[in-house]
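The values are calculated or read from the model by the stated rules, or taken from the named source; none is laboratory data. Since this is a predicted model, take the numbers as computed values, not measurements. For neighbour counting, all protein chains shown are included, and Cβ atoms are generated from backbone atoms with ideal geometry for every residue, glycine included. The protein model used for the area step is the full one, side chains on, heavy atoms only, and it has no ligands, DNA or RNA in it. Shrake-Rupley method; radii C 1.70, N 1.55, O 1.52, S 1.80 Å.
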Amino acid sequence: MKHIGIVAVSAEGSALCYRTICLEGAELLGPHEHPEISLHTFSLRSYQRLIDEDRWEAVGEMMLESAARLVKAGAQLLICPDNTVHQGLDLVRDRSPARWIHIAEEASAEATRRGYKRLAILGTRFLMEGSVYRSKLDAAGIDHRVPNLEQRTRINQIIYDELVYARFLPASRAYFQSVIRDLAADGCDAVALACTEIPLLISPADSSLPILDSARILARAALREAISDKGARLK
C-alpha cells in the first residue's frame, strides 16, 4: 500500500480526514488495517496571516514545505484536508515532490458521478469568493452558487470562531440549514461542504439538499489510490 501524507492546516478537518482513512480502511482491508499515514502541520495562524494578506503563492510554498517533510518521512501521495489553501496549491502544484490528490477535483468528480447540475458552495469567505471550486466545476460543466455577502460573512465567522475550535452550536447549525434552503430555492441540486469542519456540524440528515462532504470525499480518494495495488475496491 502507498504511504499517505496529510498536509494539515486546521485540526478538526484534518482529524476527520485521518479518521475516515483509518476506519474505512479497516472496512476494506480487515480489522485495524489501513495504509501508512504521516501528518505534518504548521499552525493555522501561520497560514491565515498569508491568506489575510492575499499572499497565495506563499501559502503554496508553505504547503510544499510540509509536503517535502512528509515525502522525506516516506509519503508517496499527498492530500490536504483544507479547501481554502488549495488556491495556493494551484500555483505551485507542478513543483510538488509527490502526487497530490486535489480536494476540489475529487468533489467535482463526485458531483459529476452523481449527476448534479448546480452546486451550492459553502466554506470560508476566501473559498466561496475564490477560484478553487469555480475553476474545477466550470471545467466539468457544473454550475454553482454561493451565499450572499451577509451569509458569507456569517458562515466565515462560524468557521473561524467555532468550528475550528470544535464548537458545534445548535444556533449555527440552524443558520447553515437556512442558507442551504435559500440555495435550494435558487435551483441548487446539492451542496458542497467545502470546508472540512462543516461536516462535523451538518450531516446529511440536517440538510435539505444532498451533500458533498469534501473531507470524506478526499479521504476516500486517498484510500483508493493507496490500496490500488492491492486490487481492493471501495463499496
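A few comments on the model shown:
- None of 78, 70 is open to solvent by less than 10 Å² (accessible area, probe 1.4 Å), in contact with a strand residue (DSSP E or B) (Cβ under 8 Å, 6 or more places away or on another chain) and in a helix (DSSP H, G or I) except 70.
- Selected residue (criterion: nearest to residue 29 (Cα to Cα)) from residues of segment 196-220 that are touching a residue at least 60 places away in the same chain (Cβ under 8 Å) and open to solvent by 10 Å² or more (accessible area, probe 1.4 Å): 220
- Residues located in segment 1-27, provided they are hydroxyl-bearing (Ser, Thr, Tyr) and either surrounded by fewer than 20 Cβ atoms within 10 Å (Cβ to Cβ) or assigned to a helix (DSSP H, G or I) (or both): 14, 18, 20
- Among the residues making up segment 173-195, those that are surrounded by fewer than 24 Cβ atoms within 10 Å (Cβ to Cβ) and either hydroxyl-bearing (Ser, Thr, Tyr) or under 17 Å from the mean Cα position of the chain (by Cα) (or both) are 175, 178, 190.
- Answer from 139, 174 - the residue that is assigned to a helix (DSSP H, G or I), within 30 Å of residue 45 (Cα to Cα) and out of contact with any helix residue (DSSP H, G or I) (no Cβ under 7 Å at 6 or more places or on another chain): 174
- Scanning segment 34-49 for residues that are open to solvent by 70 Å² or more (accessible area, probe 1.4 Å) and either more than 17 Å from residue 79 (Cα to Cα) or not in a loop (DSSP other than H, G, I, E, B) (or both) returns 39, 45, 49.
- Of everything in segment 117-134 that is more than 25 Å from residue 223 (Cβ to Cβ) and among the hydroxyl-bearing types (Ser, Thr, Tyr), the residue that is modelled with the highest pLDDT is 124.
- Members of segment 85-110 that are surrounded by fewer than 24 Cβ atoms within 10 Å (Cβ to Cβ) and of a type in the set (S, T, N, Q): 87, 96
- Some residue of segment 187-197 being in a helix (DSSP H, G or I) and aliphatic (A, V, I, L, M): no
- Selected residue [out of contact with any Leu (no Cβ under 9 Å at 6 or more places or on another chain), surrounded by 15 or more Cβ atoms within 10 Å (Cβ to Cβ) and free of Cβ contacts under 8 Å to residues at least 12 places away in the same chain] from 113, 154, 134: 134
- Failed criterion for residue 211 (all others in (1) within 17 Å of the chain's Cα centre (by Cα); (2) farther than 19 Å from residue 115 by Cβ hold): (2)
- Within segment 91-116, the only residue that satisfies the criterion of being more than 16 Å from residue 218 (Cα to Cα) and either among the β-branched types (Val, Ile, Thr) or in a strand (DSSP E or B) (or both) is 92.
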